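*Asks:* Just dropping this structure here.
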Amino acid sequence: MIQSFDRKDGRLVLAHLLFAYAALFLGGICGMLQSMVRSGSVTLPAGIGYYQLLTAHGVLMALVFTTFFIIGFLYSGMSRTLGGALTGVSRKLGWAGFALMGAGTALGVVMVLLNKATVLYTFYAPLKASPYFYIALVLLVVGSWLSGYGVFAQYRTWRRTNRGKLSPLLAFMGVVTMLMWQIATLGVAATVLLQFIPWSFGWVDTINVLLSRTLFWYFGHPLVYFWLMPAYMCWYVIVPKIIGGKIYSDALARLSFILLLLFSIPVGFHHQLMEPGIAPFWKFLQVVLTFMVVVPSLITAFSLFATFELSGRARGATGLFGWLKKLPWRDVRFFAPFMGMLVFIPAGAGGLVNASNQMDAVVHNTLWVTGHFHLTVATSVALTFFGIGYWLIPVVTGRRLTARLNRIGILQVVLWCVGMLFMSGSMHGSGLLGDPRRTDYTTYNDSPESVLWMPYHVAMAIGGIILFLSLIVLMCAVVGLLRAPRGEEEYPIGEVIDTAEKTPRVFERWGLWVAISAALIVIAYTLPLIDMIGGGKGSPGYKMW
Amino acid sequence: MHIHRLEKIWLTFGVTMLVVFLLVLGLSAFTMGMDTPGAGHSHSIDPAKVDKTPPFDKPEIKRIGDKQYEAVMVAYAFGYSPATLEVPAGSTVRFTVTSSDVVHGFEIPGTNVNMMVLPGEINQVSHTFDKPGEYLILCNEYCGIGHQMMFTKLVVK
């Protein structure tokens, strides 16, 4: 007997998911057009600028699609594992967050469309957008804070009524993810509220550029872990159930999330390795901390493949790799996140290259980096989210994922993988040749270097078109899911294997983890920040578009 | 907390690799002079007065020793000054660059020359050009509507 999903919570979750899909589709149109412009295949009509599209693509994909989907997924997990329904407080906070983030998205998109904020989603000073673009960002972030408070409130209520019990793994991971987000967004909140808004309104004349970049990247790297951690939640907790296996170890799963909380934040300098004004020692210290965050990913890789092998062998697989055949390849709920995991292997390895101190000089700000995050967030994370959507929409609407919709889902995932192979593969290739990222069509006055890059740009455009086809299939599938026959779809939540050891209680001593996280941040950032605040003259603003 | 024997082997292998990588990076940076750009050199400049602050009031490439050159350059939207750069083959050029407006990039494809140019900060990187030819210097950080047109050339004779 499948437990049905609380209907009020279902509406909240569905609203987040549909908003995310809409942002994804719009962002995807921008992405496809960019790849065609850059390859010289089309020129944009009606005075639309390449960089305007690029800003829209970045904001809609990296900030809007991800955040809405993540919050929808986390709330569904909270509702399901912490008491079967959200408390009134949590649900209200969820809707308040949704409203603020929705308003922020609308305002931001209007500013970009009016060409008043063509500053890309990283909005580096001293490019100066309309103050309302920065206000839009504040609304997005504050909205996500409210959603985070809702997650914490639900967790606290559960702990109060279940004293002495270990919290469900999915809920624990959701709380860690939101806790990390609260700490990480302090940086972007500080720079937007204290620097960008007063400066863009003209209340102050200048802005400290290096400080604003440092505060941005204090937030910018954990941002990518904010995308990844919900994908890990699916890999650790959801996928084992779908393949009919068990979770390999509850304790190791919690350990890796705590490590992600500690080491994903004090590492922002690895985005600023090629920058002046930061002493080499501090850059290298953060490179070391960046490498530490590989450890939870190593733990994760082991746990996941252990789960696959154990469940395959439990169903009679023999030989070294016989268990691979026992995996449910034709089930999109498994196939999509599995492809995401597979891609995360080269994606993570590429990340190590980017973070490698002076070696970064080969790839910094080239298309290699763009290729890297099109593997991490746009493949590993996106495919996992697609996989979640195929069962989560039916769960929250009381419908069923039919065999036909499942086949459409497989097709969509295959198209996405093929498209990304073209897109990201050619980005990596031309990036190694020095091809810069974030650049409109150009041959640099017919320089021989740039002529070499052209075939890669054509391959990117082919990838862009295939990816867009995949998005059209996805939109059809979403409509199909919303009109699927009524029924009960399972919310897959894995159980821990019987032989696993008891989980140490220390993982839920939040004060301890917040204190360690704060200490690491203070060590990694205090002295460089004092230097930056003290040194240098501020810069006036420029509108260069 | 119990950790499976195979997982111990896996984690030991992984962490060892990370330590080896970090040692290679750290040793080559701090003992072999292969550090990130701008290392050992940190000073700031008033971004509104670049054209009045030496040496950026006269951007130029000058000989500072045997086959040693210093290129004092200003990045602006959308170009670099001085407009022409020429050195003999085998020369080591130290690029000392700042920006007179927004953030720019400074990259020479095919070399390890790649750095950020921030208004208010001075960045520096050196490179030895052994092969004669024309080297493309391009901006790899979005700086505005003409970003894709921001480049110059270094001629090595």
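Just so it is clear, none of the values below were taken in a lab; they were calculated from the coordinates. Just so we're clear, the structure is a prediction, and the values are computed from it rather than from any experiment. Cβ atoms come from the backbone with ideal geometry, glycine included; neighbour counts cover every protein chain shown.
*Asks:* Show me, for the range A:308-325, the HN-Hα J-couplings you get by feeding each phi into the Karplus relation (A = 6.51, B = -1.76, C = 1.60, θ = phi - 60°), rounded to Hz, glycine and proline as x.
*Replies:* Result, rounded to whole Hz: 4, 5, 4, 6, x, 5, 4, 9, x, 5, 10, x, 5, 10, x, 5, 4, 5.
*Asks:* Additional query: For the range A:477-529, what size does the Cα cloud have along each of its three principal axes, sorted from largest down, in whole Å?
*Replies:* Taking the Cα atoms of the range A:477-529, the three principal extents are 60, 38, 16 Å.
*Asks:* Which listed residue (A:Val506, A:Gly487, A:Trp545) has the Cα farthest towards the positive end of the charge dipole for the range A:468-545, taking +1 on Lys and Arg C-beta and -1 on Asp and Glu C-beta about the Cα centre?
*Replies:* The Cα lying farthest towards the positive end belongs to A:Trp545.
*Asks:* Along the charge dipole of chain A, pointing to its positive end and built from +1/-1 on Cβ of Lys, Arg, Asp and Glu, which listed residue (A:Val188, A:Trp217, A:Trp95) has its Cα farthest out?
*Replies:* A:Trp95
*Asks:* Now a separate question. Starting with the highest mean, order A:130-138, A:531-539 by the number of other Cβ atoms within 10 Å, averaged over the residues of each peptide.
*Replies:* A:130-138, A:531-539
*Asks:* Just tell me which aspartates and glutamates come within less than 14 Å, Cα to Cα, of B:Lys157; anything on the same chain fewer than 8 places away is out.
*Replies:* Output for B:Lys157: B:Glu86, B:Asp130, B:Glu134.
*Asks:* Rounded to two decimals, what ratio of Rg to Rh does the range A:1-158 give with C-alpha atoms and a Kirkwood Rh?
*Replies:* We get a ratio of 1.08 for the range A:1-158.
*Asks:* Report the one residue of B:Val117, B:Val103, B:Thr128 whose Cα lies farthest in the direction of the positive end of the charge dipole of the range B:47-156 (charges on C-beta: Lys and Arg +1, Asp and Glu -1; origin at the Cα centre).
*Replies:* Positive-most Cα among the choices belongs to B:Thr128.
*Asks:* So what is the 222 nm mean residue ellipticity for chain B from helices alone, if each DSSP H run of at least 4 adds -39500 (n - 2.57) and you divide by all residues, rounding to the nearest 500 deg cm²/dmol?
*Replies:* Here the helix-only value at 222 nm equals -6000 deg cm²/dmol.
*Asks:* Here's another thing I want to ask about it. Cut-off under 28 Å on the C-alpha distance; same-chain residues fewer than 8 positions from A:Lys165 excluded. Which lysines are left, in chain and number order?
*Replies:* Output for A:Lys165: A:Lys8, A:Lys92, A:Lys241, A:Lys246, A:Lys502.
*Asks:* Using only alpha carbons, build the gyration tensor for the range B:22-112 and give me the equivalent ellipsoid semi-axes, biggest first, whole Å.
*Replies:* 25, 18, 13
*Asks:* Going by how many other Cβ atoms sit within 10 Å of their own, how do A:Lys543, A:Lys165 line up, fewest first?
*Replies:* Fewest-to-most ranking of A:Lys543, A:Lys165: A:Lys165, A:Lys543.
*Asks:* Report, in deg cm²/dmol and to the nearest 500, the calculated mean residue ellipticity at 222 nm for chain A, where each DSSP H run with n ≥ 4 adds -39500 (n - 2.57) and the sum is divided by the residue count.
*Replies:* Calculated from helices alone, the mean residue ellipticity at 222 nm is -22500 deg cm²/dmol.
*Asks:* Fewest first, what order do A:Ile242, A:Ile345 take by the number of other Cβ atoms within 10 Å?
*Replies:* Lowest to highest Cβ neighbour count: A:Ile345, A:Ile242.
*Asks:* Right, another one. Using +1 on the beta carbon of Lys and Arg, -1 on that of Asp and Glu, and nothing else charged, what's the dipole of the protein assembly as shown about the Cα centre, debye to 20?
*Replies:* Dipole size: approximately 2540 debye.
*Asks:* Expressed as a fraction of 2.2 N^0.38 Å, the rule-of-thumb size for a compact globular protein of N residues, what is the C-alpha radius of gyration of the range A:389-545?
*Replies:* 1.69
*Asks:* Taking chain A as the reference, fit the longest principal axis to its C-alpha atoms, fit the long axis of helix A:332-354 to the helix C-alpha atoms, and give the angle between the two in degrees, 0 to 90, nearest 10.
*Replies:* 40
*Asks:* For a quick check, take a GNM of chain B with Cα springs below 10 Å and name the residue from B:Gly120, B:Gly144, B:Gly105 with the largest mean-square fluctuation.
*Replies:* In this elastic network of chain B, the residue with the biggest mean-square fluctuation among B:Gly120, B:Gly144, B:Gly105 is B:Gly144.
*Asks:* Compare B:Leu85, B:Leu136, B:Leu18 in a GNM of chain B, Cα atoms joined below 10 Å, and give the one with the largest fluctuation.
*Replies:* B:Leu18
*Asks:* Would you please give the residues with an amide H less than 5 Å from that of B:Ser91, counting only those at least 5 places away or on a separate chain, with H modeled from the backbone geometry?
*Replies:* Amide H neighbours of B:Ser91, under 5 Å, 5+ apart: B:Phe129.
*Asks:* In the range B:47-156, what % of DSSP beta bridges are antiparallel (nearest 5)?
*Replies:* Antiparallel bridges make up about 65 percent of those DSSP assigns within the range B:47-156.
*Asks:* Given H placed 1.01 Å from N in the peptide plane, which residues other than close sequence neighbours of B:Ile145 have an amide H under 5 Å from its amide H?
*Replies:* So B:Ile145 has HN proximity to A:Trp545.
*Asks:* Also: Arrange the following residues from fewest to most other Cβ atoms within 10 Å of their Cβ: B:Asp66, A:Asp250.
*Replies:* B:Asp66, A:Asp250
*Asks:* Based on alpha-carbon positions alone, could you give the equivalent ellipsoid semi-axes of the protein assembly as shown from the gyration tensor, as √(5λ), descending, whole Å?
*Replies:* Equivalent ellipsoid of the protein assembly as shown: 43, 27, 26 Å, largest first.
*Asks:* If you look for lysine pairs in the range B:47-156 that are eight or more places apart or on different chains, how many of them have Cα atoms under 23 Å apart?
*Replies:* Number of lysine pairs found: 10.
*Asks:* May I ask you to derive the relative contact order of chain B, considering only C-alpha pairs under 8 Å and at least 6 residues apart, and to give it as an integer percent?
*Replies:* Across chain B, relative contact order equals 21 percent.
*Asks:* I need the P(r) histogram for the range B:1-62: all alpha carbon pairs, bin width 5 Å from 0 out to the longest distance, whole percents.
*Replies:* That works out to 4, 13, 11, 11, 10, 9, 9, 8, 7, 5, 4, 4, 4, 1, in percent per bin.
*Asks:* The range A:84-192: percent of C-alpha pairs farther apart than 21 Å?
*Replies:* Of all Cα-Cα distances in the range A:84-192, 46 percent exceed 21 Å.
*Asks:* Follow-up question, since we're still on this one. Explain nothing, just the number: relative contact order of chain A, from Cα pairs under 8 Å at least 6 residues apart, as a whole percent.
*Replies:* 20
*Asks:* While we're on this one: For the range A:68-80, just list the computed ³J(HN,Hα) in residue order, Karplus coefficients 6.51, -1.76 and 1.60, θ = phi - 60°, integers in Hz, with x standing in for Gly and Pro.
*Replies:* 5, 4, 4, 5, x, 5, 4, 5, 4, x, 5, 4, 6
*Asks:* Apply the Karplus curve 6.51 cos²θ - 1.76 cosθ + 1.60, θ = phi - 60°, to the phi angles in the range A:530-545 and return the couplings in whole Hz, x for Gly and Pro.
*Replies:* 4, 4, 5, 5, x, x, x, 8, x, 10, x, x, 9, 10, 9, 10
*Asks:* With the Cα gyration tensor of the range A:241-342 in hand, convert its eigenvalues to equivalent ellipsoid semi-axes via √(5λ) and list them largest first in whole Å.
*Replies:* Output for the range A:241-342: semi-axes of 38, 14, 11 Å.
*Asks:* At q = 0.09, 0.11, 0.13, 0.18 Å⁻¹, what log₁₀ I(q)/I(0) does a Debye calculation on the Cα points of the range B:47-156 give, no solvent, two decimals?
*Replies:* -0.20, -0.30, -0.43, -0.83
*Asks:* Please list the non-local residues whose amide H lies under 5 Å from the amide H of A:Arg399, H modeled 1.01 Å from N, same-chain partners needing a gap of 5 or more.
*Replies:* Here A:Gly487, A:Glu489 satisfy the definition.
*Asks:* GNM, chain B, Cα, under 10 Å: largest mean-square fluctuation among B:Leu138, B:Leu23, B:Leu11?
*Replies:* Comparing B:Leu138, B:Leu23, B:Leu11 in a Gaussian network model of chain B, the most mobile one is B:Leu11.
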